């Protein structure tokens, strides 16, 4: 095999490869074996069909094609090793010429890892928002708890906004019942706009036993867009009663004896969540600054693959909730082009971050121990809801264990970045990775 390498850009090369016909012999033999095992020809045992008969029945062209498809990846691998090319992603192959008995000539374009010059990390400065915690935020948390422990009590009066009513509904269009337009004894919060448009307006002022009708426009079903006459009967009116905020409530809603202890705990939790947000903001800003300072070029082929992957994941997620891409575009008020542009920008930045962290990990000779790798496997298996061994076996079968290993190594390189860059908050207070990490660890401990 002869090969040359041509640099197309800092992130892409073209390999030109020529393989003498004799070197294709092993692949040809394998192709004859595989095709022979698949075809049934009378008079011959399966797998024992002579090459001449396969040529006659299946065609020599089909065998040559199979042999070439098998040989090309091996030849690319050999050329990559010979020229010490650090490839990324899948190669794009084009066969220049190939006839029976002649050399196979083809080209393979592939993205490569660019040479990146790392900046001095300690010269990078990033600023994150200072943690600000208002007592009103603690009040909001407390009110959320009160809502969870609210009770409904029958009220001998007309319904007001915020009350819960039990009601019957029956919708008709021109005297004809609307399919699925009737419901009996359903609970509804007045003012929540959860049911039909116009319903909340008529409910205010109605008492138990009252009935009325109103007109509403139907949004779905056979009568979509038509006006429907809706008969509504109120069976009962219930008043939502919130528990008083006192020590008794603290004992009911938490493990604390006093309201002050509960407030202090909520304050502490909010603070932890905000400090964890600081860590994520510092991480994102530090990486953005690092990619910019290192002037990392973008490997377009890898980005295209990543965009495809992200689009598939997005479509799968939408399908799982019974929605389509069109539904999503409508809900977001975006065009397909805008979504594609967003996916491409995000994928390109993701690929640049991986490249710069890999370069840093190489420069700092970052190692990943079996324990660290195992810990990540356990963590991912828990998130996926499967046993760690089963998750690991799956990784090995799909050949993605190396990608997980790479993620762990990049995670360690990221920690080096955050240890060395200068992080301050908007008050000018310097923050260390330990400050930020402590918050994340606290949040993590409280999760479990």
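The values are calculated or read from the model by the stated rules, or taken from the named source; none is laboratory data. Note that the structure is predicted; figures quoted are calculated from it, not measured. Here Cβ is always computed from backbone atoms with ideal geometry, including for glycine, and neighbour counts include all displayed protein chains.
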Restrict the check to the stretch 397-406 and report whether at least one residue is assigned to a loop (DSSP other than H, G, I, E, B), surrounded by fewer than 18 Cβ atoms within 10 Å (Cβ to Cβ) and modelled with pLDDT under 95.
-> yes
Can you give me the number of residues within the stretch 156-203 that are part of a loop (DSSP other than H, G, I, E, B) and more than 42 Å from the chain's Cα centre (by Cα)?
-> 7
Mind checking whether some residue in the stretch 311-334 is within 30 Å of residue 164 (Cβ to Cβ), under 19 Å from the mean Cα position of the chain (by Cα), assigned to a loop (DSSP other than H, G, I, E, B) and modelled with pLDDT under 95?
-> yes
Within the stretch 351-371, residues being part of a helix (DSSP H, G or I) and surrounded by fewer than 15 Cβ atoms within 10 Å (Cβ to Cβ) number 4
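Being part of a strand (DSSP E or B), within 34 Å of the chain's Cα centre (by Cα), crowded, with 18+ Cβ neighbours inside 10 Å and on the phi < 0 side of the Ramachandran plot, is that true of even one residue in the stretch 116-137?
Taking every residue of the stretch 116-137 in turn, at least one turns out to be part of a strand (DSSP E or B), within 34 Å of the chain's Cα centre (by Cα), crowded, with 18+ Cβ neighbours inside 10 Å and on the phi < 0 side of the Ramachandran plot.
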Members of the stretch 187-204 found to be at pLDDT 90 or above and surrounded by 13 or more Cβ atoms within 10 Å (Cβ to Cβ), listed by number | 188, 189, 190, 191, 199, 200, 202, 203, 204
Exactly one of 268, 255 is at pLDDT below 95 and part of a loop (DSSP other than H, G, I, E, B), and that one is 255
